[in-house]
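Any read-out appearing in this document is the output of simple, stated calculations on the displayed coordinates, not a laboratory observation. Because the structure is predicted, anything quoted here is derived from the model rather than measured. Every residue, glycine among them, receives a Cβ derived from its backbone with ideal geometry; neighbour counts consider all protein chains shown.
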Amino acid sequence: MQLKCLDLRVLNRDVIKYIAMFTMLLNHIANIFLTPGTISHMLLVDIGYFTAPVMCFFLVEGYRYTHSKKRYALRLFTFAVISEFPFCLAFSETFNGVRGISFCGFNMIFTLFLCFCILLVREYVMDVGMKMLLIAGLVIFSLFSDWALLAPVFTLLFAWAGQDREKIKRAFVIGTALFAFSRFMPGADGAETLASLGEALLAAGGVALAGIAIVCFYNGKRMERGRLFSKWFFYLFYPGHLLVLGMIRIWGLV
């Protein structure tokens with residue numbers, strides 16, 4: 001007997017993105033201010049894994065519907081540049097009690113820019129060998145950015161799925177499994193291995209929830225009102241909240 005989720009498609013694209021912004025904020029607060037290994041840290045970090053698959057999904061959807069791929073790419077690159085200083089300000093490590101700033105990789109919007117470039121290569125490069133080479137190069141380049149490898153893989157999965165609901169389900173199942181595998185590290189004994197497996201499965205819960213939100217609750221629409229505000233809010237929130245969190249970190253307020 002095949003199980004099907006109820007047709008409760010009541011969430012539009014913008015509402016799901018707002019949820020993703022909130023879970024991202026929780027993840028960043030945990031990573032910057034909370035102690036690793038604590039329940040609160042683990043819970044907030046895992047909830048935050050909801051965000052990246054959602055953004056990759058809507059990147060693919062936006063690529064499909066955009067009126068200008070050139071402007072879309074330029075917008076992503078511009079905000080990737082704008083976000084880099086706040087990203088490093090927020091996530092630089094503290095050495096000998098000194099809260100400084102150093103390069104700590106490229107930010108998530110830069111990763112999304114690379115993913116957008118992958119979609120461009122996938123559509124416009126006709127030579128199969130060259131296409132595979134360029135996509136592999138972009139995926140490898142993502143190693144220097146947030147959500148390395150996984151975001152490009154999610155993007156390719158969603159591009160493959162297109163608008164087919166069954167393929168979208170499969171893409172999320174595959175993506176969730178890959179994410180869990182990436183978090184799993186066998187230990188020295190059975191107990192450590194089992195604990196790592198449990199942590200990996202819990203971490204993958206955020207990705208699974210993203211899949212449920214898209215597959216079961218997304219109605220394929222945008223907000224009726226406030227579309228322009230929502231569009232720019234998503235771009236501005238990322239560097240804005242990182243700048244605030246980074247300043248709090250530097251000033252030692254938390």
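So the label point goes 7 Å from the Cα of PHE77 along Cα→C-beta, right? Which residues of region 101-116 then have their backbone N under 20 Å from it?
Inside the label zone: 106-116.
Sum -39500 (n - 2.57) across every DSSP H segment of at least 4 residues in the chain, then divide by the residue count to get the 222 nm mean residue ellipticity, nearest 500.
Dividing the helical sum by the residues of the chain leaves -24000 deg cm²/dmol.
What does the convex hull of the alpha-carbon atoms of region 22-118 project to on average, in nm²?
7.0 nm²
Starting from 0.36 nm per residue, how many nanometres of slack lie between VAL128 and GLU224 once their C-alpha separation is accounted for?
Here the segment from VAL128 to GLU224 would lengthen by 30.4 nm.
Assign one of three labels to region 207-250, namely rounded, prolate or oblate, based on the Cα gyration tensor with a ≥ b ≥ c the square roots of its eigenvalues; rounded applies when a/c is under 1.5, prolate when it is not and a/b is larger than b/c, and oblate otherwise.
Verdict is oblate for region 207-250.
When a/c reaches 1.5 or more, the comparison of a/b and b/c decides; with that in mind, is the chain rounded, prolate or oblate per its Cα gyration tensor?
Since a/c stays below 1.5, the shape of the chain is classed as rounded.
Where nothing but the Cβ of Lys and Arg (+1) and of Asp and Glu (-1) is charged, how large is the charge dipole of the chain around its Cα centre, in debye to the nearest 20?
1100 debye
Step through the residues of region 138-143 one at a time and calculate ³J(HN,Hα) from phi using the Karplus curve (6.51 cos²θ - 1.76 cosθ + 1.60, θ = phi - 60°), rounding each to whole Hz and writing x for Gly and Pro.
5, 5, 5, 4, 5, 4
Sticking with the crude label model, points 7 Å out along Cα→Cβ, report the distance from TYR65 to TYR235 in nm, one decimal please.
1.7 nm
Say the cut-off is 23 Å between C-alpha atoms; which of LYS17/LYS221; LYS131/LYS221; LYS69/LYS167; LYS70/LYS131; LYS167/LYS231 go over it?
LYS131/LYS221; LYS69/LYS167; LYS167/LYS231
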